[in-house]
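The values are calculated or read from the model by the stated rules, or taken from the named source; none is laboratory data. None of these values were measured; they are calculated from a predicted model. Cβ: placed from backbone, ideal geometry, glycine included. Neighbour counts: every protein chain shown.
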């Protein structure tokens, strides 16, 4: 296909072609960034929490007795909960991934030293690890004699008495890069706490900056506030029944309390990410909308041009151009316009990405996105132009002999 | 003439029906999406306390050491320690001042039919009510003496009051919160400023409303749990009364800019004075934020929503480019017809007017569609489980804004093509025919 006549013809429609180029480039720039955001947010949605998500249900209980004995209350409650058919294990905890109860400590490596990382403290009764299904990759679990009360009513004083901890692999690598974390001491408050185990993942109760999301410490500290979260592990199909029976059982054991948030872990997770899911849906809708509008724009313009050039197409056909030549002509023309558009669009995409990096702490756009975006738009352009181009190809040579 | 041009426009639309529908659809979608988001942001950036907001300020002093990891976020931390808040409260250098913290307490109704339930509220000091001009349905707030004597008194909001006492008068009756009886001394007239500006600004700033208010000193004495964020540094435990844990919000009322300047100087003086006692390791940087400045500093409008607005505007931009291109092609295809009109004596402005009317009609139709789509969009926003959802309503100014946007969009889309088309050279066109 000789390009010069094609370009010469386009210069007769400078403004129209320019507008189309601009539209394609803007679409390309926005869609690339939107696609990148969608992928990022889907990754956020998919973060492993580290717990056995489809086997857990939880319920928050607040004892209203004036002289409540939380440690005793939790033991009695847990005994009643374990008696429910289908409950594999049960624990009283103060925090779960996604439940917003976030007690974060700055971790130092020497007494009163600088904070190396901040990590959420997860505390619970001895069955916590087994119930949550935390995967120990190194070291050991807690021993019965290592448990101390949390000291919720004494400014959480348990943190200065607890001897050992289990940390996530991400935290261990942050604090002791390249070293064996087992046996090392960390200072979440004033006293040293020795690391005895490392778990794979445990997501924090609130969203933190991406790298810090998995910084967690598990302490053998017994929750001793009047409010506590009971977690039960059961088979996935038993969850709703177990949840119902757990509420009844707790009410039976002790009526003077408030039970809240009886839910499966999956509900907890879904609620945590509902904004994110709305945003993903909107981003997808926006990207689709942009692509459709641009495709329609390309098709509409092409069909105008075909109508406008009927006579010249007829003349070309009359002097020997095949249908195929006409088809090719419109396809090449489209390729040229969309190609210029996506080239400009790739530059614009990086400009937009820079703005987003400043405003929304968005990371740099990988090269892959403009590449895929360009290919997709080019394909879209070819599809959009196919109809009008085929119509052009079917213009009979006899048109050349007619006056209008 | 206008009617004739309109007729011509309608003929032209009929000739390319599909395309006209597409253009109207594109402009409608663009305007609908943009107006939905502009409206949402408009209602969320509204003044929660009209008439009073200009006199309300948040003092910001930072007793904590600079953290090694510097956050990119520009939002400052306005939380205070107990000793600092109490000093500012008792120094009483502002016209009014109040310290406060959020709390959630079990409410235990007297009637057996109601089970105990959790309710959220605030622990505040006496000036809270006159400073924010809270509307009372009955009774009033408490006095500074009540603060000092840790009085067991409570002000209820209308919702909780109705739940506990129905329509019977409740002043003087008692309500049991956690494990203590409180005497109801005031009932608010369903006070729910949006956002809940005086609390820590987080994702719950819209929608959540406080249902009870009780003296801060009383809550501290009874060791009631706080429901907000508390951050501590250094060692010595996480104690609420200590000077190394921030968890209180503090507001002052200053009715003139001169007083605001004087108050800022007072804060700076306090900061330097504390440094001589070994506190406040940061370089002195006492700040005073006005209410509206405070809300924008604390990002009361979530970043995601601003992003949605930009996305909608970007979409509108692409739609506009699309329409300009299509109209241009459409008008230029009619070069012959235009040339004949010109040759028969129509002036350029006549042609421009004719084509402008055609473009304007598309803009207007798109605007009407956009208005419908914006209402649909706002409805879908109202279905979101977020606290701001119920605010997403279109008001008069937004309604007018939509039409203005539609007309501007229509005219903008029409001007370039119409101008370009009325400049075709008649002779050249007529010759090629």
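Residues are listed down the side, and each one gets a yes or a no for (1) within 18 Å of residue A:117 (Cβ to Cβ); (2) touching a helix residue (DSSP H, G or I) at 6+ places or on another chain (Cβ under 7 Å); (3) touching a residue at least 12 places away in the same chain (Cβ under 8 Å):
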residue: A:140; (1), (2), (3): no, no, yes
residue: A:149; (1), (2), (3): no, yes, yes
residue: A:156; (1), (2), (3): no, no, yes
residue: A:161; (1), (2), (3): no, no, yes
residue: A:165; (1), (2), (3): yes, no, yes
residue: A:169; (1), (2), (3): yes, no, yes
residue: A:173; (1), (2), (3): yes, no, no
residue: A:179; (1), (2), (3): yes, no, no
*Would a scan of the range A:28-42 turn up a residue that is assigned by TED's automatic domain parsing to the domain that holds residue A:356 and under 30 Å from residue A:235 (Cβ atoms)?*
yes
*Of the conditions (1) in a helix (DSSP H, G or I); (2) more than 14 Å from chain B (Cβ to nearest Cβ); (3) surrounded by fewer than 21 Cβ atoms within 10 Å (Cβ to Cβ); (4) at pLDDT 90 or above, residue A:6 clears all except one; give me its number.*
(4)
*Does any residue of the range B:376-394 turn out to be surrounded by fewer than 16 Cβ atoms within 10 Å (Cβ to Cβ) and over 20 Å from the mean Cα position of the chain (by Cα)?*
yes
*Please work out which residue is modelled with the highest pLDDT, limiting yourself to the range B:115-126 and to residues that are within 12 Å of another protein chain (Cβ to nearest Cβ) and part of a loop (DSSP other than H, G, I, E, B).*
B:116
*Verdict on residue B:169 being in the same structural domain as residue B:197 (by TED's automatic domain parsing), surrounded by fewer than 14 Cβ atoms within 10 Å (Cβ to Cβ) and closer than 28 Å to residue B:53 by Cβ*: no
_I'm checking my understanding of the structure. Among residues of the range B:238-252 that are in contact with a helix residue (DSSP H, G or I) (Cβ under 7 Å, 6 or more places away or on another chain) and surrounded by fewer than 19 Cβ atoms within 10 Å (Cβ to Cβ), which one is farthest from the other protein chains (Cβ to nearest Cβ)?_
B:243
*Of all residues making up the range B:398-425, the number that are exposed (fewer than 15 other Cβ atoms within 10 Å of the Cβ) and either at pLDDT 85 or above or not in a helix (DSSP H, G or I) (or both)*: 3
_Considering residues of the range B:272-295 that are without any contact (Cβ under 8 Å) to a residue 60 or more places away in the chain and in a helix (DSSP H, G or I) only, the residue nearest to the other protein chains (Cβ to nearest Cβ)_ = B:293
*State yes or no: is residue B:353 farther than 26 Å from residue A:302 by Cα and touching a residue at least 12 places away in the same chain (Cβ under 8 Å)?*
yes
_Matching residues in the range A:108-127 - criterion: being touching a residue at least 60 places away in the same chain (Cβ under 8 Å) and under 27 Å from the mean Cα position of the chain (by Cα)_ = A:117, A:118, A:119, A:120, A:121, A:122, A:123
*asked:* closer than 30 Å to residue A:211 by Cβ, within 10 Å of chain B (Cβ to nearest Cβ), out of contact with any strand residue (DSSP E or B) (no Cβ under 7 Å at 6 or more places or on another chain) and in a helix (DSSP H, G or I): which single residue out of A:35, A:17, A:29 fits that description?
replied: A:29
_Residue ranges of helices (runs of 4 or more DSSP H) in the range A:257-318 with at least 1 members touching a strand residue (DSSP E or B) at 6+ places or on another chain (Cβ under 8 Å) and away from every other protein chain (no Cβ under 11 Å)_ = A:265-272
*Does residue A:58 meet the test of being touching a helix residue (DSSP H, G or I) at 6+ places or on another chain (Cβ under 7 Å) and either without any contact (Cβ under 8 Å) to a residue 60 or more places away in the chain or not assigned by TED's automatic domain parsing to the domain that holds residue A:196 (or both)?*
yes
*Could you list, in sequence order, the residues of the range B:381-398 that are within 14 Å of chain A (Cβ to nearest Cβ), touching a helix residue (DSSP H, G or I) at 6+ places or on another chain (Cβ under 9 Å), under 16 Å from residue B:208 (Cα atoms) and touching a residue at least 12 places away in the same chain (Cβ under 8 Å)?*
B:386, B:388, B:389, B:392
*Answer residue from the range A:66-98, given it is within 14 Å of chain B (Cβ to nearest Cβ) and in contact with a strand residue (DSSP E or B) (Cβ under 8 Å, 6 or more places away or on another chain) and is nearest to residue B:239 (Cα to Cα) among those*: A:94
*Tell me, please, whether a residue that is surrounded by 19 or more Cβ atoms within 10 Å (Cβ to Cβ), out of contact with any helix residue (DSSP H, G or I) (no Cβ under 6 Å at 6 or more places or on another chain) and in contact (Cβ under 8 Å) with a residue 24 or more places away in the chain can be found in the range A:273-289.*
no
*Please go through the range B:298-333 and pick out each residue that is more than 10 Å from chain A (Cβ to nearest Cβ) and not in a helix (DSSP H, G or I).*
B:298, B:299, B:300, B:301
